[in-house]
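Every read-out reported here was derived from the displayed coordinates using simple, explicitly stated rules and does not represent laboratory data. Because the structure is predicted, anything quoted here is derived from the model rather than measured. Glycine also receives a Cβ, built like all others from the backbone with ideal geometry; neighbour counts cover every protein chain displayed.
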Amino acid sequence: MFFIKAVIRVSSVAVLIISSWQTAAVDFNELRKVYSQPSITWPKAQIEESVKVKEIGLLPAITFPKNNPYSKEKITLGEMLFHDGKLSRSKQIACASCHDNELGWSDGRQTSFGHDRQRGHRNAPTIENVAFSKSFFWDGRAETLEQQALMPIQDPKEMNFSLPELIVRLAEIKTYRIAFEAAYGDEAITAKRIGYALATYQRTIRSRLSDFDRFLSASTQKNEMLKVRYRQSMSNKAIWGLHLFRTKAQCLNCHNGPTFSDQQFHNVGLTYYKRTLQDLGRYNVTKNTDDVGKFKTPSLRGVMNSKPWMHNGVFSDMTGLLHFYNAGGIKFERDDKDKLSPQTSPLLKPLSLTKAEIEALSAFLESITAPPAIGSSAAFIQGR
């Protein structure tokens, strides 16, 4: 027993020494200098040749589609609907039940509860920055936010209601008749108008400034004190993590652009094929066998607010999740005799990241996580 304890103690010291040496070998001053420059001058990203990426950076302005333009009245109506349990048959489940702003606009559960406490089979993704998405749900089955907004209402496991019944219910409520008239010019309540109002409100749920955003914005600040503060907003470890994110860890292969998502679908090895948690992902939508086990790349903005992670919520610890990617995910090769057998994305490869490097990556993910978006129509309209 003493020998085992001694080995553990010696090993722990050795790991500590190695970790410290690895950290000490990094020129933090140089990294800070390099990444304080415009992104066009940053070191070349380490990505696969077949991948085209957009550099990570600040979020652009929110845009609204021409067929569903911005109006403050529509946002106000959408906010009312989003938080109202009357959109469900039981009158107990609202959109906000699974997308709670205090929980990073997710619900903190591995998978969500719905009607009659039925358990869903997928994790409720955050809806922060959903305005920038090109498809919706983990499998991309909705092409527009307007379409997506109405689908949980009709899902038997979620809100278990029908749109005709919902229209009748809302039409009996004077507050809603007034709100629909303010938003659309008359009191008519339709499914299309409900979806449009919900989508308009959800587009306003935009991330607040993170430490990463402040760091990138430092050079544009006219106030010298603010400029200095912004330049110091990211720790040395977080800046090292930024560098690793773009290089050795190869995260940009999938997590690129201002939202840290390529908006594509990938299989990372969590299909659980022919097992209890089996989920064929994108294939259920396209029926293309190449899509078996593929799920949408989630945005990483605010990622530390919305655990557990992955489409089935199987990771609740970020260090464990980073070790998963460090190992190259879970490798599966297509079985020619089984058309539905999954194949892990070739973009995932063992990375040989050290403990110190994984800690730096985690620090970077913290730096791109701001407090959850406010999600108030008044706040968006007033520009706060």
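Structure above, values below:
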{"quantity": "Rounded to whole Hz, the Karplus (6.51, -1.76, 1.60) HN-Hα couplings of the stretch 108-118, x for glycine and proline", "calculated": "x, 9, 4, 9, 7, 8, x, 4, 6, 6, 5"}
{"quantity": "Alpha-carbon gyration tensor eigenvalues x 5, square-rooted, for the stretch 73-135, Å", "calculated": "19, 17, 10"}
{"quantity": "Spatially proximal lysines relative to Lys307 (Cα-Cα < 16 Å; intrachain offsets below 8 disregarded)", "calculated": "none"}
{"quantity": "The chain: DSSP helices with Cα axial extent of at least 30 Å and average Kyte-Doolittle hydropathy no lower than 0.5", "calculated": "2-24"}
{"quantity": "Estimated FRET transfer efficiency when R0 is 30 angstrom, pair Ser71-Glu172 (beta carbons, to 0.05)", "calculated": "0.75"}
{"quantity": "Loop-located trypsin sites (Lys or Arg not before Pro) in the stretch 310-354 whose Cβ has at most 10 other Cβ within 10 Å (DSSP)", "calculated": "Lys337, Lys339"}
{"quantity": "Kirkwood-Stokes translational diffusion coefficient of the stretch 270-329, alpha-carbon pairs, 37 °C, 0.692 mPa s, µm²/s", "calculated": "257 µm²/s"}
{"quantity": "The stretch 83-188 - percent relative contact order, Cα under 8 Å, separation 6 or more", "calculated": "20 percent"}
{"quantity": "Rel. contact order, % - alpha carbon contacts under 8 angstrom, at least six apart, the chain", "calculated": "22 percent"}
{"quantity": "Low-density loop positions, chymotrypsin sites (Phe, Trp or Tyr not before Pro), the stretch 32-84 - DSSP coil, at most 16 other Cβ in 10 Å", "calculated": "Tyr70"}
{"quantity": "The chain - Rg (one decimal) and Dmax (whole number), Cα, Å", "calculated": "23.1, 81"}
{"quantity": "For the stretch 168-296, Kirkwood radius (reciprocal of mean inverse C-alpha pair distance, Å)", "calculated": "19.8 Å"}
{"quantity": "Neighbourhood net charge (11 Å Cβ-Cβ; Lys/Arg +1, Asp/Glu -1) for His99", "calculated": "-4"}
{"quantity": "Under-5 Å amide H pairs with Phe161, H placed in peptide plane, nonlocal only", "calculated": "Arg89, Gln154, Asp155"}
{"quantity": "Principal semi-axes in Å for the stretch 340-380 [√(5λ), Cα gyration tensor, largest first]", "calculated": "34, 21, 6"}
{"quantity": "For q = 0.10, 0.14, 0.15, 0.19 Å⁻¹, Debye-computed log10 I/I(0) when each Cα of the stretch 16-166 counts as one equal scatterer", "calculated": "-0.57, -0.86, -0.92, -1.23"}
{"quantity": "Amide H contacts of Gly281 (H built 1.01 Å from N, under 5 Å, at least 5 apart or other chain)", "calculated": "Gly293"}
{"quantity": "In order through the stretch 343-348: 3J(HN,Hα) via Karplus (6.51 cos²θ - 1.76 cosθ + 1.60), integer Hz, x for Gly, Pro", "calculated": "10, 5, 4, x, 5, 8"}
{"quantity": "Qualifying GluC sites (Glu not before Pro) in the stretch 310-382, DSSP loop, other Cβ atoms within 10 Å at most 14", "calculated": "Glu333"}
